[in-house]
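These notes concern the structure reproduced below.
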Amino acid sequence: MKLRTLRFARALSILGTALLSSQAFAGGLFFSDRGVRPIARGGAFVAGADDLHSIWYNPAGLADVDPSLLVDFAWLNYSSEFTRKTRVVDNQGTVRYFDSPTAKGSTPVLPIPTMAGAIKLGKSKEFTLAFGVYAPYTAITSFPERVNGEPAASRYSLVSMDGSMLVIMGGYLAYKPIEELRIGAGVQMLTGTFRSSLYMSANPADRLLSAPEDPTYDAMSQLNVGPIFAPSGNLGVTVVPKPWLRIGASLQLPFWINAPATIQVRLPSAALLDKARQEGEDANVRFRIPPIVRFGVEVRPVPELRVEVAYTREFWSMHDNITVTPTNIKLHDITGFPSPYAISTITLPRNFEDSNSFRLGGEYTVKVADYKMPLRLGVQYETSAIPRPYLSPLTFDSNKVIIGAGGGIYLGKRWRFDASFARVIATPVDVSPEEAAIGRVSPVAGNPTSAEKINGGHYSAYANIFGVGAEYKF
């Protein structure tokens, strides 16, 4: 009976691991800061925010925005590699390590938009009302299902996030009572859908994730979260004590995700499970995307030159877990166990840490013939929010440097066109099998199954961000 129970627990882990895929939705939401003009300044755009990108960085900057429309698009060209390392102890106590073939992740050509508009209100035009819709710079990553003809080691963390679509929409109001002060606030909504697919294993062998694992026990799962409606807001202030000096600060409030989901599992073809079936597919996913605090100081020694130093702290430590509550999901006809068996609530540990970002950037406007052309350059260093034991192909992040550059051109008094390029250089990370903390998740309380963790190994990643945009003033 104990052997049957172990087998059943492993089979149930099919659904548990499917639920684990919801982790990508939070951890990978912001791979870098956003906006064609701000990213060219290295994300140093808090005190100097003065166009419609202010809706994300500092809504107080909207007070300096003329009636206008802004549209831009960026492509996050993200690539990553994962070489899994597995620790195996044989019956004689000999420890061996196995490296799986390297799996490479990539993203599709998918433009990430920003669309916003603003109008002036009040007798002295002291109020600015703005609306905007934009998407996070998120890596929608896919990994191959097979490498060198063999099942890819990354398949237990992620196969694809194709079909995910998340946007933030909001309304914002800024007020400039005097020339030395601007204040602003916004009401926002994160909305859309998230999808991820991965393979699970119900292999009853002792070394579940070792080299000889049996692909006939692999099962494909698809997690669909949505529709998502997560309210939030932001506020900011900019002080201008001198014409050449601006000091800004802003607060992005957290997003509280509480969304319906469906879990679809294709059970393995192995004989132990040849009669097994799933009843029901509905669930609920809950977690928090934390607040962000930004500070910046910009100096303008001459009208043509602007330089800003900025600091950002993201409070990811409040993202401690994800709760997944199945709604009447049951498994039937598992050999050696009562049928049906209901799947219970699962809490997935995250244990994230606060991250810090230090930024330096600016722009210098030159005049060529009768055209003004701002040239932009910036750099930032950002620490990772994901502790090393919790890295996986599904949610990879590390300390990184982002170098941005770009420029623009003004055509007449109404048009400005922008272009930018940024290189994201992430530090490679090695997670030893001994410290790896992500394993199979089972809905069975007290499940005695012991298996190798799935996230030990070598990680590396980089990204290029290409962007173009345009602003029109009424």
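Key figures for this structure:
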| read-out | value |
| --- | --- |
| Positive-end extreme of charge dipole, the stretch 39-88 - chosen from Gly48, Leu69, Phe82 (charges on Cβ) | Phe82 |
| Whole-Hz couplings from phi, Karplus 6.51/-1.76/1.60, listed for the stretch 152-163; x for Gly and Pro | 5, 5, 6, 5, 7, 10, 6, 10, 7, 10, 4, x |
| Hits among lysines - C-alpha to C-alpha of Lys120 under 17 Å, sequence gap 8 or more where chains match | Lys176, Lys473 |
| Volume in Å³ per residue [convex hull over Cα atoms, computed for the stretch 363-422] | 101 |
| Phi to ³J(HN,Hα) by Karplus 6.51 cos²θ - 1.76 cosθ + 1.60 over the stretch 369-383, Hz, x for Gly, Pro | 6, 9, 10, 7, 9, x, 10, 10, 8, x, 8, 9, 10, 10, 8 |
| Order of Arg195, Arg84 under a 10 Å beta carbon neighbour criterion, fewest first | Arg195, Arg84 |
| Kirkwood Rh and Cα Rg combined as Rg/Rh, the stretch 32-112 | 1.37 |
| For the stretch 49-59, 3J(HN,Hα) per residue [Karplus equation, 6.51 cos²θ - 1.76 cosθ + 1.60, θ = phi - 60°, Hz, x = Gly/Pro] | 4, 8, 10, 6, 5, 4, 4, 9, 8, 6, x |
| Exposure proxy order (Cβ contacts within 10 Å, fewest to most) of Trp316, Trp415, Trp56 | Trp415, Trp316, Trp56 |
| For Asp354, residues with placed amide H under 5 Å, excluding near neighbours | Trp316, Ser317 |
| Mean separation of Cα contacts under 8 Å, 6 or more apart, over the residue count of the stretch 282-329: relative contact order % | 54 |
| FRET efficiency for Glu304 and Lys473, using Cβ-Cβ distance with R0 set to 25 Å, rounded to 0.05 | 0.80 |
| Sites Thr262 and Thr427 - FRET efficiency at Förster radius 60 Å, r taken between beta-carbons, to 0.05 | 0.95 |
| Distance in nm between pseudo-label sites at Glu435 and Trp415 (7 Å out along the Cβ direction from Cα) | 5.4 |
| Stretch gain in nm, segment Leu129-Asp66, where the contour uses 0.36 nm per residue and the Cα spacing is subtracted | 21.6 nm |
| Contact order normalised by residue count of the stretch 110-251, Cα under 8 Å, 6+ apart, percent | 20 |
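Bear in mind that the values in this text are calculations on the coordinates, not laboratory data. Every value quoted in this text rests on a predicted model; they were computed, and no experiment measured them. Cβ: placed from backbone, ideal geometry, glycine included. Neighbour counts: every protein chain shown.
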